[in-house]
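Inspection log for the structure reproduced underneath, given as C-alpha coordinates.
The values are calculated or read from the model by the stated rules, or taken from the named source; none is laboratory data. Everything numeric here is computed off the predicted structure, so don't read it as measured data. Glycine gets a Cβ as well: all are built from the backbone with ideal geometry, and neighbour counts include every protein chain shown. For the accessible areas, the whole protein counts, side chains as well, though only heavy atoms, and no ligand, DNA or RNA atoms are used. Shrake-Rupley method; radii C 1.70, N 1.55, O 1.52, S 1.80 Å.
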Amino acid sequence: MSVSGVNGTGQRRPTMKEVAARAGVALKTVSRVVNEEPNVSPELTAKVQAAIKELNYTPNESARMLRRGRTGTIAVVIRDIGDPFFASLGRAVELWARSSGSVVMIGLTDEDPERERDVCLEFVARRPDALIMAPIGETQEYLAPHVDAGMAVVTIDRPAHGIEADAVLADNAGGIDQAIDHLVRQGHRRIAYLGDDERIFTARERVVAYRAAMARHRIEVDEDLVHLSEPTTEGIGITLSAVLDRPDPATALLSANNMTTAEVLRGLAGRRDRVALVSFDDLQLGDLLSPGLTAVAQSADVMARTAIQLMTERLPEPHRPGRTVRVPVKLTIRGSGEIPPPS
(Lines give C-alpha, C1' and ligand atoms only; values in the text may rest on other atoms or scores of the structure.)
Protein backbone atom coordinates (compact mmCIF):
# COMPACT_ATOMS: atom_id res chain seq x y z
CA MET A 1 0.00 0.00 0.00
CA SER A 2 1.30 3.46 -0.88
CA VAL A 3 1.01 6.38 1.50
CA SER A 4 0.71 9.93 0.21
CA GLY A 5 3.77 12.02 0.99
CA VAL A 6 6.02 9.01 1.71
CA ASN A 7 8.69 7.80 -0.70
CA GLY A 8 9.87 4.25 -1.38
CA THR A 9 12.34 4.30 1.53
CA GLY A 10 9.68 5.21 4.09
CA GLN A 11 10.94 8.80 4.41
CA ARG A 12 8.55 11.73 4.03
CA ARG A 13 8.79 13.45 0.66
CA PRO A 14 9.61 17.16 0.74
CA THR A 15 6.78 19.32 -0.56
CA MET A 16 6.72 22.05 -3.16
CA LYS A 17 5.94 24.50 -0.34
CA GLU A 18 9.20 23.52 1.39
CA VAL A 19 11.11 24.02 -1.88
CA ALA A 20 9.62 27.51 -2.15
CA ALA A 21 10.64 28.32 1.43
CA ARG A 22 14.20 27.04 0.88
CA ALA A 23 14.56 29.01 -2.37
CA GLY A 24 12.92 32.14 -0.95
CA VAL A 25 10.42 32.36 -3.80
CA ALA A 26 6.67 32.12 -4.23
CA LEU A 27 5.00 28.72 -4.48
CA LYS A 28 3.77 29.62 -7.97
CA THR A 29 7.36 30.21 -9.07
CA VAL A 30 8.34 26.69 -8.00
CA SER A 31 5.34 25.29 -9.87
CA ARG A 32 6.36 27.14 -13.03
CA VAL A 33 9.93 25.86 -12.85
CA VAL A 34 8.88 22.27 -12.13
CA ASN A 35 6.39 22.31 -15.02
CA GLU A 36 8.91 24.03 -17.34
CA GLU A 37 6.64 27.00 -17.93
CA PRO A 38 7.99 30.24 -19.47
CA ASN A 39 8.36 33.68 -17.87
CA VAL A 40 10.64 32.66 -14.98
CA SER A 41 13.95 34.51 -14.81
CA PRO A 42 17.21 32.51 -14.99
CA GLU A 43 18.09 33.73 -11.47
CA LEU A 44 14.87 32.45 -9.89
CA THR A 45 15.08 29.21 -11.91
CA ALA A 46 18.58 28.59 -10.54
CA LYS A 47 17.39 29.20 -6.94
CA VAL A 48 14.51 26.76 -7.33
CA GLN A 49 16.69 24.09 -8.96
CA ALA A 50 19.25 24.42 -6.17
CA ALA A 51 16.54 24.01 -3.52
CA ILE A 52 15.14 20.98 -5.37
CA LYS A 53 18.58 19.38 -5.35
CA GLU A 54 19.24 20.18 -1.68
CA LEU A 55 15.90 18.76 -0.55
CA ASN A 56 15.96 15.85 -3.03
CA TYR A 57 12.50 16.93 -4.12
CA THR A 58 10.68 14.72 -6.68
CA PRO A 59 7.65 16.17 -8.47
CA ASN A 60 4.38 14.27 -8.38
CA GLU A 61 4.38 12.98 -11.93
CA SER A 62 0.76 11.83 -11.83
CA ALA A 63 -0.44 15.29 -10.90
CA ARG A 64 1.76 16.93 -13.52
CA MET A 65 0.48 14.60 -16.24
CA LEU A 66 -3.15 15.13 -15.28
CA ARG A 67 -2.73 18.90 -15.35
CA ARG A 68 -1.46 18.54 -18.93
CA GLY A 69 -4.27 16.19 -19.87
CA ARG A 70 -1.95 13.17 -19.90
CA THR A 71 -1.56 10.12 -17.66
CA GLY A 72 1.91 9.03 -18.79
CA THR A 73 0.54 5.53 -19.47
CA ILE A 74 0.81 3.50 -22.67
CA ALA A 75 -1.36 0.40 -23.19
CA VAL A 76 0.05 -2.41 -25.33
CA VAL A 77 -2.23 -5.24 -26.48
CA ILE A 78 -0.57 -8.11 -28.33
CA ARG A 79 -1.46 -11.67 -29.24
CA ASP A 80 0.99 -13.88 -27.41
CA ILE A 81 4.01 -13.00 -25.27
CA GLY A 82 5.37 -16.46 -26.12
CA ASP A 83 5.69 -15.42 -29.76
CA PRO A 84 9.29 -14.13 -30.12
CA PHE A 85 8.16 -11.32 -32.42
CA PHE A 86 5.64 -9.91 -29.96
CA ALA A 87 7.91 -10.53 -26.99
CA SER A 88 10.58 -8.39 -28.70
CA LEU A 89 8.01 -5.76 -29.58
CA GLY A 90 6.74 -5.53 -26.01
CA ARG A 91 10.28 -5.21 -24.69
CA ALA A 92 11.11 -2.43 -27.17
CA VAL A 93 8.09 -0.38 -26.06
CA GLU A 94 8.93 -0.99 -22.40
CA LEU A 95 12.53 0.23 -22.91
CA TRP A 96 11.26 3.40 -24.58
CA ALA A 97 8.74 3.97 -21.80
CA ARG A 98 11.41 3.53 -19.15
CA SER A 99 13.60 6.16 -20.80
CA SER A 100 10.72 8.61 -21.23
CA GLY A 101 9.23 8.29 -17.76
CA SER A 102 6.08 6.55 -18.98
CA VAL A 103 4.41 3.40 -17.68
CA VAL A 104 3.37 0.46 -19.88
CA MET A 105 0.40 -1.86 -19.39
CA ILE A 106 0.60 -5.06 -21.46
CA GLY A 107 -2.35 -7.34 -22.19
CA LEU A 108 -2.70 -10.51 -24.28
CA THR A 109 -5.51 -11.47 -26.66
CA ASP A 110 -4.53 -15.08 -27.47
CA GLU A 111 -5.96 -14.59 -31.00
CA ASP A 112 -9.45 -14.17 -29.50
CA PRO A 113 -11.51 -11.18 -30.78
CA GLU A 114 -13.67 -11.13 -27.65
CA ARG A 115 -10.58 -11.17 -25.47
CA GLU A 116 -9.16 -8.29 -27.53
CA ARG A 117 -12.27 -6.20 -26.91
CA ASP A 118 -12.33 -6.99 -23.17
CA VAL A 119 -8.63 -6.23 -22.66
CA CYS A 120 -8.71 -3.00 -24.68
CA LEU A 121 -11.81 -1.67 -22.95
CA GLU A 122 -10.39 -2.55 -19.54
CA PHE A 123 -7.20 -0.67 -20.38
CA VAL A 124 -8.83 2.41 -21.91
CA ALA A 125 -10.97 2.76 -18.78
CA ARG A 126 -7.67 3.65 -17.09
CA ARG A 127 -7.23 6.58 -19.49
CA PRO A 128 -3.94 5.72 -21.23
CA ASP A 129 -2.48 8.38 -23.49
CA ALA A 130 -2.09 5.85 -26.28
CA LEU A 131 -2.88 2.28 -27.25
CA ILE A 132 -0.45 0.19 -29.32
CA MET A 133 -2.13 -3.00 -30.44
CA ALA A 134 -1.98 -5.98 -32.81
CA PRO A 135 -5.64 -6.28 -33.84
CA ILE A 136 -7.45 -9.61 -34.03
CA GLY A 137 -11.13 -8.74 -34.45
CA GLU A 138 -12.78 -7.70 -37.71
CA THR A 139 -13.44 -4.23 -36.29
CA GLN A 140 -12.13 -2.01 -33.52
CA GLU A 141 -15.11 0.35 -33.70
CA TYR A 142 -15.68 -0.22 -29.97
CA LEU A 143 -12.69 2.10 -29.42
CA ALA A 144 -14.24 4.96 -31.43
CA PRO A 145 -15.51 6.99 -28.41
CA HIS A 146 -12.03 6.90 -26.86
CA VAL A 147 -10.31 7.83 -30.13
CA ASP A 148 -12.80 10.70 -30.56
CA ALA A 149 -11.87 11.84 -27.04
CA GLY A 150 -8.19 12.11 -28.06
CA MET A 151 -6.60 8.72 -27.33
CA ALA A 152 -3.91 7.86 -29.86
CA VAL A 153 -4.09 4.37 -31.40
CA VAL A 154 -1.31 2.73 -33.39
CA THR A 155 -1.59 -0.82 -34.68
CA ILE A 156 1.25 -3.19 -35.43
CA ASP A 157 1.29 -6.14 -37.85
CA ARG A 158 -2.34 -5.58 -38.89
CA PRO A 159 -4.44 -2.45 -39.57
CA ALA A 160 -7.41 -1.37 -37.47
CA HIS A 161 -10.95 -1.13 -38.86
CA GLY A 162 -13.71 1.21 -37.78
CA ILE A 163 -11.45 3.83 -36.19
CA GLU A 164 -8.88 6.43 -37.29
CA ALA A 165 -5.50 4.96 -36.38
CA ASP A 166 -1.93 4.71 -37.60
CA ALA A 167 -0.53 1.33 -38.67
CA VAL A 168 2.95 -0.20 -38.82
CA LEU A 169 3.03 -3.17 -41.16
CA ALA A 170 5.76 -5.43 -42.47
CA ASP A 171 6.40 -5.43 -46.20
CA ASN A 172 4.66 -8.78 -46.58
CA ALA A 173 4.60 -8.81 -50.37
CA GLY A 174 8.23 -7.75 -50.62
CA GLY A 175 9.30 -10.50 -48.22
CA ILE A 176 7.42 -13.21 -50.11
CA ASP A 177 8.91 -11.93 -53.37
CA GLN A 178 12.41 -12.26 -51.92
CA ALA A 179 11.70 -15.81 -50.75
CA ILE A 180 10.24 -17.03 -54.05
CA ASP A 181 12.95 -15.31 -56.11
CA HIS A 182 15.59 -17.00 -53.99
CA LEU A 183 14.07 -20.48 -54.28
CA VAL A 184 13.59 -20.13 -58.03
CA ARG A 185 17.27 -19.14 -58.39
CA GLN A 186 18.14 -22.43 -56.65
CA GLY A 187 16.19 -24.26 -59.38
CA HIS A 188 12.91 -24.90 -57.56
CA ARG A 189 9.51 -24.84 -59.24
CA ARG A 190 7.55 -27.18 -56.95
CA ILE A 191 7.30 -24.70 -54.06
CA ALA A 192 4.75 -25.52 -51.35
CA TYR A 193 3.21 -22.70 -49.34
CA LEU A 194 2.32 -23.31 -45.69
CA GLY A 195 0.47 -20.39 -44.11
CA ASP A 196 -2.09 -19.34 -41.54
CA ASP A 197 -5.84 -18.89 -41.89
CA GLU A 198 -6.63 -16.45 -44.73
CA ARG A 199 -9.00 -14.54 -42.45
CA ILE A 200 -5.87 -13.14 -40.77
CA PHE A 201 -4.63 -9.98 -42.50
CA THR A 202 -0.95 -10.98 -42.70
CA ALA A 203 -1.81 -14.51 -43.86
CA ARG A 204 -4.03 -13.11 -46.59
CA GLU A 205 -1.41 -10.63 -47.81
CA ARG A 206 1.31 -13.28 -47.89
CA VAL A 207 -0.60 -15.96 -49.78
CA VAL A 208 -1.73 -13.39 -52.35
CA ALA A 209 1.91 -12.35 -52.74
CA TYR A 210 2.94 -16.02 -53.13
CA ARG A 211 0.52 -16.50 -56.01
CA ALA A 212 1.66 -13.26 -57.66
CA ALA A 213 5.35 -14.16 -57.31
CA MET A 214 4.81 -17.63 -58.78
CA ALA A 215 2.89 -16.09 -61.70
CA ARG A 216 5.71 -13.59 -62.25
CA HIS A 217 8.08 -16.54 -62.67
CA ARG A 218 5.54 -18.22 -64.98
CA ILE A 219 5.09 -21.10 -62.54
CA GLU A 220 1.58 -22.51 -62.29
CA VAL A 221 0.47 -22.86 -58.68
CA ASP A 222 -0.44 -26.43 -57.72
CA GLU A 223 -3.30 -25.92 -55.24
CA ASP A 224 -2.41 -29.24 -53.60
CA LEU A 225 0.79 -27.54 -52.42
CA VAL A 226 -1.02 -24.60 -50.78
CA HIS A 227 -2.07 -25.25 -47.18
CA LEU A 228 -3.62 -22.60 -44.92
CA SER A 229 -4.47 -23.56 -41.36
CA GLU A 230 -3.63 -23.01 -37.71
CA PRO A 231 -0.07 -24.28 -37.08
CA THR A 232 -0.44 -27.30 -34.80
CA THR A 233 1.98 -30.21 -34.51
CA GLU A 234 -0.57 -32.68 -35.83
CA GLY A 235 -1.84 -30.39 -38.57
CA ILE A 236 1.60 -29.51 -39.91
CA GLY A 237 2.58 -33.19 -39.80
CA ILE A 238 -0.39 -34.02 -42.04
CA THR A 239 0.45 -31.10 -44.33
CA LEU A 240 4.09 -32.15 -44.73
CA SER A 241 3.01 -35.67 -45.63
CA ALA A 242 0.56 -34.25 -48.19
CA VAL A 243 3.15 -32.10 -49.98
CA LEU A 244 6.22 -34.33 -49.64
CA ASP A 245 4.97 -37.95 -49.71
CA ARG A 246 3.48 -37.90 -53.19
CA PRO A 247 4.59 -38.88 -56.72
CA ASP A 248 5.36 -35.24 -57.62
CA PRO A 249 6.48 -33.81 -54.26
CA ALA A 250 7.36 -30.25 -53.40
CA THR A 251 11.11 -29.68 -53.51
CA ALA A 252 10.92 -26.50 -51.44
CA LEU A 253 8.74 -25.16 -48.63
CA LEU A 254 7.82 -21.55 -47.93
CA SER A 255 6.61 -21.29 -44.32
CA ALA A 256 4.68 -18.08 -43.86
CA ASN A 257 5.14 -17.37 -40.13
CA ASN A 258 7.39 -18.34 -37.25
CA MET A 259 4.89 -20.58 -35.47
CA THR A 260 4.37 -22.61 -38.64
CA THR A 261 8.13 -22.76 -39.17
CA ALA A 262 8.71 -24.20 -35.70
CA GLU A 263 6.24 -27.01 -36.42
CA VAL A 264 7.70 -27.57 -39.91
CA LEU A 265 11.17 -28.01 -38.44
CA ARG A 266 9.78 -30.51 -35.94
CA GLY A 267 8.00 -32.40 -38.74
CA LEU A 268 11.09 -32.44 -40.99
CA ALA A 269 13.25 -34.20 -38.40
CA GLY A 270 15.52 -36.58 -40.28
CA ARG A 271 15.08 -35.00 -43.70
CA ARG A 272 15.88 -31.32 -43.25
CA ASP A 273 18.80 -31.71 -45.65
CA ARG A 274 16.58 -33.05 -48.45
CA VAL A 275 14.01 -30.29 -48.90
CA ALA A 276 14.62 -26.54 -49.10
CA LEU A 277 12.92 -24.32 -46.51
CA VAL A 278 12.53 -20.55 -46.32
CA SER A 279 10.67 -19.02 -43.39
CA PHE A 280 8.83 -15.70 -43.30
CA ASP A 281 9.86 -14.66 -39.77
CA ASP A 282 13.14 -15.64 -38.23
CA LEU A 283 13.51 -17.91 -35.23
CA GLN A 284 15.72 -17.46 -32.19
CA LEU A 285 18.71 -19.76 -32.60
CA GLY A 286 17.78 -20.27 -36.27
CA ASP A 287 21.44 -19.84 -37.12
CA LEU A 288 22.35 -22.80 -34.89
CA LEU A 289 20.21 -25.31 -36.78
CA SER A 290 21.77 -27.68 -39.29
CA PRO A 291 21.34 -26.47 -41.93
CA GLY A 292 20.84 -22.93 -40.65
CA LEU A 293 17.41 -21.40 -41.23
CA THR A 294 17.08 -19.15 -44.27
CA ALA A 295 14.48 -16.58 -43.26
CA VAL A 296 12.76 -13.35 -44.22
CA ALA A 297 13.40 -11.36 -41.05
CA GLN A 298 11.19 -8.52 -39.85
CA SER A 299 12.57 -6.34 -37.09
CA ALA A 300 10.30 -6.04 -34.06
CA ASP A 301 12.58 -3.27 -32.76
CA VAL A 302 12.20 -1.19 -35.93
CA MET A 303 8.43 -1.74 -35.96
CA ALA A 304 8.18 -0.77 -32.29
CA ARG A 305 10.26 2.38 -32.80
CA THR A 306 8.13 3.31 -35.81
CA ALA A 307 4.95 2.79 -33.78
CA ILE A 308 6.31 4.96 -30.98
CA GLN A 309 7.23 7.70 -33.46
CA LEU A 310 3.73 7.63 -34.95
CA MET A 311 2.26 7.65 -31.45
CA THR A 312 4.24 10.71 -30.36
CA GLU A 313 3.25 12.51 -33.56
CA ARG A 314 -0.42 11.62 -33.08
CA LEU A 315 -0.71 12.66 -29.42
CA PRO A 316 -0.79 16.42 -30.15
CA GLU A 317 -2.93 15.82 -33.28
CA PRO A 318 -5.26 12.96 -32.30
CA HIS A 319 -7.76 13.63 -35.09
CA ARG A 320 -5.38 13.77 -38.04
CA PRO A 321 -5.87 11.15 -40.80
CA GLY A 322 -4.31 7.75 -40.14
CA ARG A 323 -0.94 6.88 -41.63
CA THR A 324 0.36 3.47 -42.69
CA VAL A 325 4.09 2.76 -42.67
CA ARG A 326 5.51 -0.36 -44.32
CA VAL A 327 8.72 -1.59 -42.69
CA PRO A 328 11.21 -3.36 -45.02
CA VAL A 329 12.15 -6.99 -44.41
CA LYS A 330 15.38 -8.77 -45.26
CA LEU A 331 16.20 -12.26 -46.53
CA THR A 332 18.87 -13.86 -44.35
CA ILE A 333 20.64 -16.75 -46.09
CA ARG A 334 21.91 -19.55 -43.83
CA GLY A 335 21.59 -22.85 -45.68
CA SER A 336 18.07 -24.30 -45.51
CA GLY A 337 16.89 -22.27 -48.51
CA GLU A 338 19.91 -23.18 -50.62
CA ILE A 339 19.24 -26.92 -50.82
CA PRO A 340 18.80 -27.67 -54.56
CA PRO A 341 15.99 -29.80 -56.00
CA PRO A 342 16.80 -33.46 -56.72
CA SER A 343 18.55 -33.86 -60.05
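A few remarks follow.
- Residue within the stretch 302-320 that is in a helix (DSSP H, G or I), of a type in the set (G, A, S), surrounded by 15 or more Cβ atoms within 10 Å (Cβ to Cβ) and touching a Ser or Thr at 6+ places or on another chain (Cβ under 6 Å) present: no
- Some residue of the stretch 184-204 being open to solvent by 60 Å² or more (accessible area, probe 1.4 Å), under 23 Å from V327 (Cβ atoms) and among the aliphatic types (A, V, I, L, M): no
- Here I333 fulfils each of the conditions (1) open to solvent by 30 Å² or more (accessible area, probe 1.4 Å); (2) assigned by the TED database to the domain that holds V76 apart from (2).
- When R211, R218, R189 are checked against the criterion of being free of Cβ contacts under 8 Å to residues at least 12 places away in the same chain and either part of a loop (DSSP other than H, G, I, E, B) or not assigned by the TED database to the domain that holds T294 (or both), a single residue qualifies: R218.
- The one condition from (1) in the same structural domain as R206 (by the TED database); (2) at negative phi that M311 does not meet is (1).
- Test result for P231, surrounded by fewer than 18 Cβ atoms within 10 Å (Cβ to Cβ), touching a residue at least 12 places away in the same chain (Cβ under 8 Å) and on the phi < 0 side of the Ramachandran plot: no
- Out of A295, A250, sole residue that is touching a residue at least 24 places away in the same chain (Cβ under 8 Å) and touching a Lys or Arg at 6+ places or on another chain (Cβ under 7 Å): A250
- Residue check for T139: of a type in the set (S, T, Y) and either free of Cβ contacts under 8 Å to residues at least 12 places away in the same chain or touching a His at 6+ places or on another chain (Cβ under 6 Å) (or both): yes
Per-residue answers, yes or no, for (1) of a type outside the set (A, V, I, L, M, F, W, C); (2) open to solvent by less than 10 Å² (accessible area, probe 1.4 Å):
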position: D83; (1), (2): yes, no
position: R91; (1), (2): yes, no
position: E94; (1), (2): yes, no
position: S100; (1), (2): yes, no
position: V103; (1), (2): no, no
position: D110; (1), (2): yes, no
position: D118; (1), (2): yes, no
position: L131; (1), (2): no, yes
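- The residue of the stretch 159-177 that is farthest from the chain's Cα centre (by Cα), among those that are buried (at least 20 other Cβ atoms within 10 Å of the Cβ) and not β-branched (V, I, T), is G175.
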